[in-house]
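Notes follow once the structure below has been shown.
The values are calculated or read from the model by the stated rules, or taken from the named source; none is laboratory data. Quick caveat, the model's predicted, so the values are computed rather than measured. Every residue, glycine among them, receives a Cβ derived from its backbone with ideal geometry; neighbour counts consider all protein chains shown. Just the protein is used for accessible areas: all its heavy atoms, side chains included, with ligands, DNA and RNA removed. Shrake-Rupley method; radii C 1.70, N 1.55, O 1.52, S 1.80 Å.
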Amino acid sequence: MKKIILFLTAISVAILLCNCEKPLPPPDDDDNNDTISKVEMTYSGELKEVSIDVSGAWTAESDQDWCQLTQMSGTGSQKVEVNAAYNRSDEERTATITVKATTKSSLNQTITITQAGNPLEEIPAHFTDVKIEDGKIWYKYWTGNGGNEVDGENSDLLISLGGIHGGIADYVYPNMEIDWKNFNRHFLSTGRGEGTLKIGNTETVNTIIVDQSQTFREIGGATNEGSCETYFALNGKLYYGGGYSERGTSIGMPYSFPAYDFHCYDPATNNHTKLNNLPFVNGKAFVFNGTAYSVVENYSLYKYDINTDSWSFMQNLSIPSGVVVGSYVVGTSLYVLCHQERHEFKFSEDLFNFQSTVSLDFTSPDVIIDDIGNAWVKSDNKLYKHSNTGFTEIQEGIGNILGAYDGSIYYMKDENPYKLSAQGNVEMLTTIFDIILDNDNNDSPFRGSPKTVNVDGNIYWIGGMAKYSVGSYSYYSLNNFCCFSAKNYVPTSMMIVTK
């Protein structure tokens, strides 16, 4: 089943484009609003640039749904735009946007917006209020002359299949049509798209503009032959390869086609380089003291020499049984994870010496390592974190793991993407990407359980396997290659502006 999730923030309604900002002297009050800007809008609504003069991280809050910033959070001084809806009333109205610094050492800012009354007798169809709340979009719109205002606040605005992949119009309740025009695959690579809005068969004065600021993007160009079971980041580059090009059963007998290919991706040049083949198929890699290692299925440990592009056998690990599903390092200890056991090895004199075994109860666990030494495991829709005694359960109801960065884990829950920080804070992300891990689908940039690797704050999704045909246990490798920029994450914005 195809699942497309559109999460939108910094939502507003606006008309026309121009630039008008009138800074005033700082107010003499005790509210710590040390900067104030005044913006004047016409009745038809305008989109105007305004300067945010706040150091460090900040968030913005409007006291009126009809007026918002195009970006309601950010970091440091920057230019953003303030939006206002079409004013149907003949009376002037005012909104106040407060920009709050997240640190006490920084000053806050107030933006006052004044919009003129409407002198027209005939009022066209238009949206009056749009806001985001609890991950859903709520809206009101005016049906035009002789009509009335429709309150859609009890209706979740859902975007269906055509919204991203184009070709058909989308319908949302109550009685609103969105014609997405060129909203298709290239939207994910450009980060921006737009389309017209209708109320039933009536054209509104509005155009919708969506900008996801390259938070998520398809990259393309991966050259893997297999499912990329061996993957790691080293010196700012991504290494990947191995696994299986196809696996399944034929006349009741299991089969697999191994892949030994090995590659390096350099984000600085956006180039993939073919390296020497791997001496193993299914190796679970880890990096220790600036060197890459890999534990293979027969518990052999290999070391990678980046200068000679060669893997060499290092030692056999003392593991009595079990299928290796992951390996990672915490401090100077190597941990090898099997389905039912975790084995610890201590590094000394270029050897990993066996220390202890901890019993586990995992089913098909996924192992994720972040960039500050935390190890996470997802099993049976539960998220666990490494501890000396095994693993500590952190969260329930976990879907697919998206990756880890800066001590935080990114995952899906209830079809929404979340970030769980090292401090235990949970935040639902507002971004747009195509999250599909249904192996029957063939048109997703993220499917078949790709591997996730963090390279300098960019989480890459690569490889994986998808179902070859319905009704058979057969899978083939994928060339997934996408990136979620965790360090540069900016919430997706949606604006409704003039045509």
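Values as computed for the structure displayed
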| read-out | value |
| --- | --- |
| Distance (nanometres) between label positions extended 7 Å along Cα→Cβ at Leu120 and Glu203 | 1.3 nm |
| Flagged links, alpha-carbon separation over 32 Å, of Lys38/Lys413; Lys100/Lys451; Lys38/Lys419; Lys100/Lys237; Lys284/Lys419; Lys382/Lys467 | Lys38/Lys413; Lys100/Lys451; Lys38/Lys419; Lys100/Lys237 |
| Carbon/sulfur fraction of accessible area - the range 36-77, other protein chains in place, 1.4 Å, % | 40 percent |
| Tensor-based shape of the range 218-333 (alpha-carbon gyration tensor, a/c under 1.5 rounded, otherwise prolate or oblate) | oblate |
| FRET efficiency estimate (nearest 0.05) - Cβ-Cβ, Ser421 to Leu351, R0 35 angstrom | 0.45 |
| Sequence-distant residues sharing a close amide H with Asn206 (under 5 Å, placed H) | Leu197 |
| Linear extension gain, Glu396 paired with Ile251, 0.36 nm per residue minus alpha-carbon span | 48.3 nm |
| For Ile219, distant residues with modelled amide H under 5 Å away | Phe481, Cys482, Cys483 |
| Karplus-derived HN-Hα couplings along the range 231-246 (A = 6.51, B = -1.76, C = 1.60, θ = phi - 60°), whole Hz, x at Gly and Pro | 7, 6, 10, 8, 6, x, 10, 9, 10, 7, x, x, x, 10, 7, 7 |
| Accessible surface ranking that places the most exposed of Phe362, Phe354 first, with a 1.4 angstrom probe | Phe354, Phe362 |
| Inter-label distance, nm, simple model (7 Å from Cα along the C-beta direction), Ser364/Ser89 | 5.6 nm |
| Phi-based couplings in Hz for the range 366-383 (Karplus 6.51, -1.76, 1.60; Gly and Pro marked x) | 9, 10, 10, 10, 8, 8, 10, x, 7, 10, 10, 9, 10, 8, 6, 6, 10, 10 |
| Amide proton proximity set for Leu275, modelled H, under 5 Å, gap of 5+ | Phe262, His263, Cys264 |
| Probe 1.4 Å, protein heavy atoms only - accessible area per residue of the range 52-103 in square angstrom | 44 Å² |
| Val287 accessible area, assembled protein chains, probe 1.4 Å, Å² | 60 Å² |
